[in-house]
Amino acid sequence: MFTGIIQRIGRVRKVTPQQLAIETDLTAQQHSRVGDSVAVNGICLTVTTLTRSGFTADIMPETLQRTNLGDVQANGHVNLELALQASDRFDGHFVLGHVDTTATLASRQPDGNAERLTFTLASAYRPYVVEKGSIAVDGVSLTVTAVTRDSFSVSLIPHTLAKTVLGELVLGQRVNIETDILGKYMVHQQEVRDDSNTD
């Protein structure tokens, strides 16, 4: 489990359809082990190899189909967060690292001391996104500021723009989206009740 509070920006050393190699000091500083979980752009991956300069993780076909890892290139940057420990402070929100889909950056506009980013999102995921609710964008825990039928917006403070890869996003770029797990269960329960009422 993660919180969506990014700990480092890592550099991609190598990416293939089966494996991702990341350069970072995070795993060494936190004494990570093979088998540990790490969120890469919000995707929960398992550390398969540790080196002095970072780690590698295997990639499944499902991960490539569901996320933006297919867009990642060598020397690109990714958000990193290690799994939550029981003794850690819980900031952000419950993030599982199970990406639902991708969204596309449609606009970015100044918003006072912040910047408003608007993403297009497939309508199938609209029920899980609510204004003032939580959402993870490339693994970053954010608050939804506005929702339409096919888009949502978030506002980012300068710290978030500087300390995550969201500051580097360009129009048309895809990001990983994990909607709030609590919302997913609520929608699922309602669907189950509706199904039982029609039987």
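Read-outs: derived from the displayed coordinates by stated rules, not from any lab. All of these numbers come straight from a predicted model, not from anything done at the bench. In this analysis, Cβ positions are derived from the backbone assuming ideal geometry, glycine residues included, and neighbour counts consider all displayed protein chains.
One chain, two ends: Thr143 and Asp25. Fully extended at 0.36 nm per residue, the span grows by 39.6 nm beyond their Cα-Cα distance. In the stretch 101-189, Cα pairs under 8 Å separated by at least six residues give a relative contact order of 36 percent.
Taking every pair of Cα atoms in the stretch 8-82, average 1/r, invert it to obtain the Kirkwood radius, and report Rg/Rh to two decimals.
Computed over Cα atoms, the ratio is 0.92.
Dimensions of the stretch 44-199 based on its C-alpha atoms, expressed as ranges along the principal axes with the largest first, amount to 58, 41, 34 Å. Axis of helix 181-198 versus longest Cα principal axis of the chain: the two differ by about 40°, to the nearest ten degrees. Taking every C-alpha pair closer than 8 Å and separated by at least 6 residues, the mean separation divided by the residue count of the stretch 8-82 gives a relative contact order of 42 percent.
Net charge near Thr67, counting Lys/Arg +1 and Asp/Glu -1 over other residues with Cβ under 12 Å of its Cβ?
-3
Within the listed set Thr49, Thr143, Thr104, the Gaussian network model of the chain (springs between alpha-carbon atoms below 10 Å) gives the highest mean-square fluctuation for Thr49. Value of Rg to Rh for the stretch 112-191, rounded to two decimals, is 0.97; Kirkwood radius and Rg both from alpha-carbon coordinates. About its Cα centre, the stretch 101-189 has a charge dipole of approximately 120 debye under the convention of +1 per Lys or Arg Cβ and -1 per Asp or Glu Cβ, with nothing else charged.
The trypsin sites (Lys or Arg not before Pro) of the stretch 61-163 that DSSP puts in a loop, and whose beta carbon has at most 15 other beta carbons within 10 Å, are Arg89, Lys132, Arg149.
Please report, in debye to the nearest 20, how large the charge dipole of the chain is about its Cα centre when each Lys and Arg carries +1 at its beta carbon and each Asp and Glu carries -1 there.
About 540 debye.
Per-residue ellipticity at 222 nm computed for the chain from its helices equals -4500 deg cm²/dmol, with DSSP H segments shorter than 4 residues left out and the rest contributing -39,500 (n - 2.57). Of all the options Gly133, Gly112, Gly35, the one that moves most in a Gaussian network model of the chain with Cα springs shorter than 10 angstrom is Gly112.
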